[in-house]
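Below you'll find the structure, written out as structure tokens, and then a few comments.
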Amino acid sequence: MASKSELGVLRAPNSDLTIGIDLGGTKVLGVLVSPKGELLDHIRTPTPKGQDAIVECIEDLVSSLVQLGASNYKSNVSALGVGVPGLVTRQGSLNFAANLEAGQNFELKKILEKKFPSMAIAVENDANCAGWAEWKFGAGQGVDDLVVITLGTGVGGSAIVNKNLVIGSQGFALEPGHMVIDPNGPLCNCGRKGCWEKFASGTALKELAKKYALEGKASLVLELANNDPSAITGEHVATALKQSDVQAGNIMNEFSLGVAIGLANLANIFDPEKFIISGGLVQMGDLLLDPVRDWFSNQPLGYNFRNLINIEPAVLGEMAGAWGAADLALTNDDSI
Ligand SMILES: [Zn+2]
């Protein structure tokens, strides 16, 4: 499997800064990173629509961060990494993005190389960037094999295998949210039925709680949502769980089984040292992770004959994608 080595030669001289940008569906986050990998500054702006506007937005962010670097840190910027949502080729073209109005075949890396000829440029999938950051700077430090899963609106992920980020032959590896766990399950946006994200995402938790409420099995959760089933959110479930509500416990029990099934599938493939869970749902902490751990413990193949794989929350929060993108821009790999 193709990978990007952590042992890449640094292109940037040691005193130079790096910029990382996380291009999200609603906001663009730019960070300035020190030569030692520390976050120095960040700027946030809404995501515009269309390729030209996105490029312009990135140029503005880069120019502001370059100025910040010169005035506050007396340093140049010589590398730029951008994390983008969707299918990103090894050549840094965004072929398809469901949550971004950027058309198709957006050759972002090529465009940025022309705009910033003095900088090393990387364009990577955003989940890969975030996972890389958790491994390098966050909850995954010190392990050789790691799987990072993001439970948000959908389910994303990345894997580090023997200290290398798994990219795939085209760049499209690790889309665990679209691993089918029930062929008779609900229809996914991708066109298949029963994808993992239909059971393990924040959206899935909301849908499950709504179903329980409509069946009269979630009184407190429904009450917290002002008796409007369609207004139920994960936070309502979390609030009810904190009050030891049995019905909310039933919802979380069913939901966490769905999360655990996918993790066990990934454990059978990657045998990671640990799983790190990021994304909006991880704010629930052990209310979510403890039942997931319980379900997961006896699912991986030969669970009695292997070490239990720890499931831990991510620690870098929303900066992870931009931070990881900046670091990946320092990795010299001409095949990407
Ligand atoms: Zn799918």
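The values are calculated or read from the model by the stated rules, or taken from the named source; none is laboratory data. All values reported here derive from a predicted model rather than from experimental measurement. Virtual Cβ from ideal backbone geometry, glycine too; neighbours counted across all protein chains shown.
Out of the range 123-163, which residues are among the acidic types (Asp, Glu) and touching a strand residue (DSSP E or B) at 6+ places or on another chain (Cβ under 7 Å)? Before you say what the answer is, go through the steps one by one.
Initially, the range 123-163 is screened for residues among the acidic types (Asp, Glu), giving 124, 126, 134, 144-145.
The answer is 124, 126, 134, 145.
Just give me the residues in the range 8-28 being within 18 Å of residue 116 (Cβ to Cβ) and either assigned to a strand (DSSP E or B) or at pLDDT 90 or above (or both), in sequence order. Before you say what the answer is, go through the steps one by one.
At the first step, the residues of the range 8-28 found to be within 18 Å of residue 116 (Cβ to Cβ) are 10-13, 16-23, 28.
Passing the criteria: 10, 16, 17, 18, 19, 20, 21, 22, 23, 28.
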Pairs only if they're at least six apart or on different chains, beta carbon under 7 angstrom, first in the range 170-191 and more than 25 Å from residue 92 (Cβ to Cβ) and in the same structural domain as residue 263 (by TED's automatic domain parsing), second hydroxyl-bearing (Ser, Thr, Tyr) and near the ligand (Cβ under 9 Å from one of its atoms); list them, first residue then second. none
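Among the listed residues 100, 165, 112, which satisfies the condition of being in a loop (DSSP other than H, G, I, E, B) and either surrounded by 15 or more Cβ atoms within 10 Å (Cβ to Cβ) or in contact (Cβ under 8 Å) with a residue 40 or more places away in the chain (or both)? Can you show your working first?
On the way: 165 fails: in a loop (DSSP other than H, G, I, E, B); 112 fails: in a loop (DSSP other than H, G, I, E, B).
Of 100, 165, 112, the one residue that is in a loop (DSSP other than H, G, I, E, B) and either surrounded by 15 or more Cβ atoms within 10 Å (Cβ to Cβ) or in contact (Cβ under 8 Å) with a residue 40 or more places away in the chain (or both) is 100.
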Which listed residue, of 220, 224, 187, is touching a Ser or Thr at 6+ places or on another chain (Cβ under 6 Å) and either surrounded by fewer than 16 Cβ atoms within 10 Å (Cβ to Cβ) or over 26 Å from residue 85 (Cα atoms) (or both): 224
Checking residue 135 against (1) crowded, with 24+ Cβ neighbours inside 10 Å; (2) touching a Gly at 6+ places or on another chain (Cβ under 8 Å), only one condition comes out false. Which one? (2)
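Only one residue in 137, 106 is within 30 Å of residue 310 (Cβ to Cβ) and in contact (Cβ under 8 Å) with a residue 12 or more places away in the chain. Which one? Spell out how you get there, then give the answer.
Values: 106 fails: within 30 Å of residue 310 (Cβ to Cβ).
When all the criteria are applied, what remains is 137.
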From the list 127, 133, which one is within 16 Å of the ligand (Cβ to nearest atom) and in the same structural domain as residue 82 (by TED's automatic domain parsing)? 127
Wholly inside the range 226-336, helices (runs of 4 or more DSSP H) that include 1 or more residues that are over 30 Å from residue 21 (Cβ atoms) and of a type in the set (Ser, Thr, Tyr) are 234-242, 246-270
Hey, among 48, 85, which residue is touching a residue at least 40 places away in the same chain (Cβ under 8 Å), out of contact with any strand residue (DSSP E or B) (no Cβ under 6 Å at 6 or more places or on another chain) and closer than 30 Å to residue 149 by Cα? 85
Could you check how many residues of the range 248-281 are among the β-branched types (Val, Ile, Thr), in contact (Cβ under 8 Å) with a residue 40 or more places away in the chain and farther than 17 Å from residue 135 by Cα? 3
Which listed residue is more than 26 Å from residue 83 (Cβ to Cβ) and crowded, with 19+ Cβ neighbours inside 10 Å, from 279, 258: 258
Restricting attention to the range 123-140, does a residue exist that is in contact with a Cys (Cβ under 6 Å, 6 or more places away or on another chain), more than 26 Å from residue 268 (Cβ to Cβ) and not aliphatic (A, V, I, L, M)? no
For the subset of the range 178-221 comprising residues that are hydrophobic (A, V, I, L, M, F, W, C) and within 10 Å of the ligand (Cβ to nearest atom), which member is farthest from residue 98 (Cα to Cα)? 180
Of everything in the range 282-305, what is farther than 23 Å from residue 141 by Cβ and not aliphatic (A, V, I, L, M)? Give them in sequence order. 290, 291, 294, 295, 297, 298, 299, 300, 302, 303, 304, 305
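From 247, 243, grab the single residue that is under 21 Å from residue 212 (Cβ atoms) and surrounded by fewer than 16 Cβ atoms within 10 Å (Cβ to Cβ). If you could, list the steps in order and put the result at the bottom.
Working: 247 fails: surrounded by fewer than 16 Cβ atoms within 10 Å (Cβ to Cβ).
Of the residues listed, the single one that is under 21 Å from residue 212 (Cβ atoms) and surrounded by fewer than 16 Cβ atoms within 10 Å (Cβ to Cβ) is 243.
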Given the structure, is residue 157 in the same structural domain as residue 249 (by TED's automatic domain parsing) and either crowded, with 17+ Cβ neighbours inside 10 Å or assigned to a loop (DSSP other than H, G, I, E, B) (or both)? yes
